[in-house]
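Working notes, structure below.
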Ligand code: PMP
């Protein structure tokens, strides 16, 4: 069979799991994907409406992405030649892997880490070493330090998905400065954390900081991602690696408009941080759970083996959270997104009904 090689390759891929998206339930509170519902739906609809008015979709968005980069440059206070864009940060991560990683390059990351990144490494047969989280859901810096010399790429989500953990800034900086390979710091949830490493990318030629409009900006559906890195990395990525038109015109214009209202972003982020504390404090009242600290817009807790039970009970109450099961020594982990005050109250009430 002439296409035997192809069938073999196809069978190899078929054996992979792929990225596990949450199940789609209709008419439920969606607290399963770390989206941002604190930013108003009407506000975002107005944004899209205005973006549509500016766009002429008969044309390719020639020069438009550059306008978005310009707006990001002002917002982030980073030169334009240090910013690249992508179709969601998923696509940026994917392009970095397909072009800079191979079965010969070894990735060092945490266990768990962002599922999409992990699945992509499997898809491309990129060997990964994963440092597990400890029982209190923190990472040990020394374990990373030891493994650096046998690694080519370091990938850390800061804060981590799904644990919500963020290294102390000085620890993460120490780790990165010691490494000579490629460093990818995924700051998808950076706005909810204690710090960003953007400034470090100004003095390093091997550091890529990935960020997104999906979380703090509440624009997950638009698929707008970006990264900050040394100008040589950005030049190669944008000129050679990235597609000619990775973002659609309406998304680009909406992104530019969103950046004009930084106050909205910081207000919603602050609300989410306050609500996060309320969720953690409330869940900690129950012995049935072990609740972990979080620097992201979600909270991870261990239902100590009763994760399926809690998950089903929440669905019955019209709330979808994420069932993650075993993480390290913890048997039944669940992750809940920090929603609006009302959503969070509904979730906490449903938990009280179940356990109270
Ligand atoms: N990085 C991390 C750590 C994430 O959790 C996510 C989304 N769940 C992404 C990147 C991807 O974000 P997006 O593609 O929407 O920009």
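The values are calculated or read from the model by the stated rules, or taken from the named source; none is laboratory data. In this text the structure is predicted, and so the values were computed from the model without any measurement. For neighbour counting, all protein chains shown are included, and Cβ atoms are generated from backbone atoms with ideal geometry for every residue, glycine included.
Would you check which residues across the stretch 208-229 are more than 10 Å from the ligand (Cβ to nearest atom), in contact with a strand residue (DSSP E or B) (Cβ under 7 Å, 6 or more places away or on another chain) and touching a residue at least 60 places away in the same chain (Cβ under 8 Å) and list them?
208, 227, 228, 229
Taking the stretch 24-41, which residues are part of a loop (DSSP other than H, G, I, E, B), surrounded by 10 or more Cβ atoms within 10 Å (Cβ to Cβ) and touching a residue at least 40 places away in the same chain (Cβ under 8 Å)?
Residues satisfying the conditions are 25, 28, 31, 32, 33, 34, 35, 36, 37, 38, 39.
Pick out the one residue from 252, 208, 241 that is modelled with pLDDT of 95 or more, more than 12 Å from residue 65 (Cα to Cα), surrounded by 22 or more Cβ atoms within 10 Å (Cβ to Cβ) and assigned by TED's automatic domain parsing to the domain that holds residue 69.
208
Considering the stretch 1-27 alone, what residues qualify as being more than 27 Å from residue 254 (Cα to Cα) and within 23 Å of the chain's Cα centre (by Cα)?
Selection gives 16, 17, 18, 19, 20, 23, 25.
Would you call residue 354 exposed (fewer than 15 other Cβ atoms within 10 Å of the Cβ), over 19 Å from the mean Cα position of the chain (by Cα) and over 16 Å from residue 164 (Cα atoms)?
Criteria not met by residue 354.
Hey, does the stretch 2-9 have a residue that's within 30 Å of residue 324 (Cα to Cα) and either surrounded by 11 or more Cβ atoms within 10 Å (Cβ to Cβ) or touching a residue at least 60 places away in the same chain (Cβ under 8 Å) (or both)?
Yes.
Between residues in the stretch 126-151 that are at positive phi and residues that are surrounded by 14 or more Cβ atoms within 10 Å (Cβ to Cβ) and modelled with pLDDT of 95 or more, which pairs lie under 7 Å by C-beta distance while being six or more apart or on different chains?
Sorted first by the residue in the stretch 126-151, then by its partner, the pairs are 137/163; 137/165; 137/292; 137/300.
Take the residues in the stretch 101-127 that are away from the ligand (no atom under 13 Å from the Cβ) and in a helix (DSSP H, G or I); name whichever of them is surrounded by the most Cβ atoms within 10 Å (Cβ to Cβ).
Of everything passing the filter in the stretch 101-127, 121 is surrounded by the most Cβ atoms within 10 Å (Cβ to Cβ).
Results for (1) over 21 Å from the mean Cα position of the chain (by Cα); (2) within 16 Å of the ligand (Cβ to nearest atom); (3) within 24 Å of residue 32 (Cα to Cα); (4) not in a strand (DSSP E or B), shown as yes or no for each residue.
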| site | (1), (2), (3), (4) |
| --- | --- |
| 129 | no, no, no, no |
| 137 | no, yes, yes, yes |
| 146 | yes, no, no, yes |
| 156 | no, yes, yes, no |
| 163 | no, yes, yes, yes |
| 171 | no, no, no, yes |
| 183 | no, yes, no, no |
| 191 | no, yes, yes, yes |
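Take residue 187 and decide whether it is touching a strand residue (DSSP E or B) at 6+ places or on another chain (Cβ under 6 Å), crowded, with 16+ Cβ neighbours inside 10 Å and more than 24 Å from residue 68 (Cβ to Cβ).
no
Does residue 156 satisfy being under 27 Å from residue 324 (Cβ atoms) and in contact with a strand residue (DSSP E or B) (Cβ under 9 Å, 6 or more places away or on another chain)?
yes
I'd like to verify a number: residues in the stretch 284-309 that are crowded, with 18+ Cβ neighbours inside 10 Å and either without any contact (Cβ under 8 Å) to a residue 24 or more places away in the chain or touching a helix residue (DSSP H, G or I) at 6+ places or on another chain (Cβ under 7 Å) (or both), how many?
9
Of the residues in the stretch 321-337, how many are in contact with a helix residue (DSSP H, G or I) (Cβ under 8 Å, 6 or more places away or on another chain) and surrounded by fewer than 23 Cβ atoms within 10 Å (Cβ to Cβ)?
Residues in the stretch 321-337 being in contact with a helix residue (DSSP H, G or I) (Cβ under 8 Å, 6 or more places away or on another chain) and surrounded by fewer than 23 Cβ atoms within 10 Å (Cβ to Cβ): 5 in total.
Could you tell me whether residue 98 is assigned to a loop (DSSP other than H, G, I, E, B), away from the ligand (no atom under 15 Å from the Cβ) and either surrounded by 14 or more Cβ atoms within 10 Å (Cβ to Cβ) or assigned by TED's automatic domain parsing to the domain that holds residue 331 (or both)?
No: the conditions fail for residue 98.
Pick from 91, 44: which is in a helix (DSSP H, G or I), within 16 Å of the ligand (Cβ to nearest atom) and farther than 30 Å from residue 235 by Cβ?
So the residue among 91, 44 that is in a helix (DSSP H, G or I), within 16 Å of the ligand (Cβ to nearest atom) and farther than 30 Å from residue 235 by Cβ is 44.
Output the qualifying pairs, or none if there are none: Cβ atoms under 6 angstrom, residues six or more apart or on different chains, first residue in the stretch 181-203 and at pLDDT 95 or above, second residue surrounded by fewer than 18 Cβ atoms within 10 Å (Cβ to Cβ).
Close Cβ pairs (under 6 Å, with a partner that is surrounded by fewer than 18 Cβ atoms within 10 Å (Cβ to Cβ)) amount to 182/206; 183/206; 195/169.
Answer yes or no as to whether residue 272 is farther than 18 Å from residue 76 by Cβ and either within 19 Å of the chain's Cα centre (by Cα) or within 16 Å of the ligand (Cβ to nearest atom) (or both).
The answer is yes for residue 272.
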